[in-house]
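**Student:** Sharing a structure with you now.
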Ligand SMILES: Nc1ncnc2c1ncn2[C@@H]1O[C@H](COP(=O)(O)OP(=O)(O)OP(=O)(O)O)[C@@H](O)[C@H]1O
Ligand SMILES: [Mg+2]
């Protein structure tokens, strides 16, 4: 990009690029085999293939209550793989993610936090028949009462390619039309029972008077044909947690916006399970078990793990994907002298998981990931600079550290007023400025931590 942006906002922009923004999918072919590098994923072929098969089973809806563990050393791409799975699942399957330590920091008990995450991961598609008026707005005419007070009244003329009708408007409808900024040439639908107005787009016939605001323009579409009044089945996609909150009398649906949902009573949840079950039996609703991703799962404690054990067995359970970089270690919260456990997960939970093992990256893979990251951050690097960065990743054992040096090196290059790409000297400068974990640890060991508190 050749556009000049002021330097400070440039830095902000770079910081806003998430560390996984290059991940767009699992990069598998139709046979679910991993390509060497595709959709932002590099290497880890068997893990990606396993994840792809897992996703297929989730989509088939026959995997609820199962759990998979992504296990591997730091930086091998566990979080990246989980996000790639989310993208492969598609928009119809709910995906919720949380970092295990979050459950300790919320203003609710840790098991309630987990329960809410579980229920956010179960989608409910509710089908509803609605009567709609759908067409292109020809004219809106609003009559102000002569006295200046009293309710507004008006008329709206709507058409399809086959017919045109005039409808009377009450003051509520007039307000909603104004709120939705509806004008002649818009294609809208009006829900007859609720009066809800939805702007679908703008008629092609009006395509010349495009907006000058510079924002994305309206969506142009053809004027609908047939009857103005139609019956349609609309599908509302919600999740169980949303239904819980709306129905919990003390919270109300406004809590959904503030995020301050507090704890929800078990009775409310039971009622809702019952009602959703009824809807399902009557064919009004479909339950879609989604995916709950718990990153750094070793941060959970024994109580949380036993909750997970139980919750996975309930009738309405999502698929749970967990990730950890721990080897053999203590389970948090276990009593003194408790036995060590693989991945910091109690054996009885471990027993019911399938495990996807992540392999350490080869140097070529490290280089490929770093190249993707440089691309993503729009930083141009010489091949030698990329080699230097790859060596840093391999030597420090931290791909993440090396990736973080990209933006620092690019900053250093600009400071020396370089016009060309980032070079080795800039990478070296960034490496000198910012210490990685192992250097910091060895500094503390050498100095005995003198001067630190
Ligand atoms: N195979 C891969 N393909 C593409 N990008 C990857 C791959 N592996 C890692 N990355 C990228 O490298 C960085 C570190 O990876 P990630 O955070 O996924 O590691 P992790 O296994 O979750 O590590 P940790 O155990 O420390 O949480 C991220 O920016 C990630 O997107
Ligand atoms: Mg991670």
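The values are calculated or read from the model by the stated rules, or taken from the named source; none is laboratory data. Note that the structure is a prediction, hence the values are computed from the model and not measured. Neighbour counts are summed over all protein chains in view; Cβ atoms, including those assigned to glycine, are modelled from backbone coordinates with ideal geometry.
**Student:** If you scan the range 175-208, which residues turn out to be assigned to a loop (DSSP other than H, G, I, E, B) and buried (at least 17 other Cβ atoms within 10 Å of the Cβ)?
**Tutor:** 182, 185, listed by residue number.
**Student:** Something else now. I need the full set of residues from the range 73-86 which are at negative phi and either over 21 Å from the mean Cα position of the chain (by Cα) or near ligand 1 (Cβ under 6 Å from one of its atoms) (or both), in order please. Don't jump to the end; show me each part of the working.
**Tutor:** Taking the range 73-86 and keeping what is at negative phi, we get 73-74, 76, 78-86.
Once the filter is applied, which keeps residues that are at negative phi and either over 21 Å from the mean Cα position of the chain (by Cα) or near ligand 1 (Cβ under 6 Å from one of its atoms) (or both), the range 73-86 yields 73, 74, 76, 78, 79, 80.
**Student:** Quick check on this structure: which one of 385, 374 is away from ligand 1 (no atom under 11 Å from the Cβ), over 20 Å from residue 47 (Cβ atoms) and either at pLDDT 95 or above or under 29 Å from the mean Cα position of the chain (by Cα) (or both)? Write out each step before concluding.
**Tutor:** Numbers: 385 fails: either at pLDDT 95 or above or under 29 Å from the mean Cα position of the chain (by Cα) (or both).
From the options 385, 374, the qualifying one is 374.
**Student:** Has the range 287-302 got any residue that is more than 23 Å from residue 92 (Cα to Cα) and more than 16 Å from ligand 1 (Cβ to nearest atom)? If you could, list the steps in order and put the result at the bottom.
**Tutor:** Of the residues in the range 287-302, the ones more than 23 Å from residue 92 (Cα to Cα) are 296-302.
Filter once more, keeping what is more than 16 Å from ligand 1 (Cβ to nearest atom): 301-302.
Yes: the range 287-302 contains one or more residues that are more than 23 Å from residue 92 (Cα to Cα) and more than 16 Å from ligand 1 (Cβ to nearest atom).
**Student:** Is there a residue in the range 408-425 that is without any contact (Cβ under 8 Å) to a residue 12 or more places away in the chain, in the same structural domain as residue 369 (by TED's automatic domain parsing) and under 33 Å from the mean Cα position of the chain (by Cα)?
**Tutor:** So far as the range 408-425 goes, no, none of its residues is without any contact (Cβ under 8 Å) to a residue 12 or more places away in the chain, in the same structural domain as residue 369 (by TED's automatic domain parsing) and under 33 Å from the mean Cα position of the chain (by Cα).
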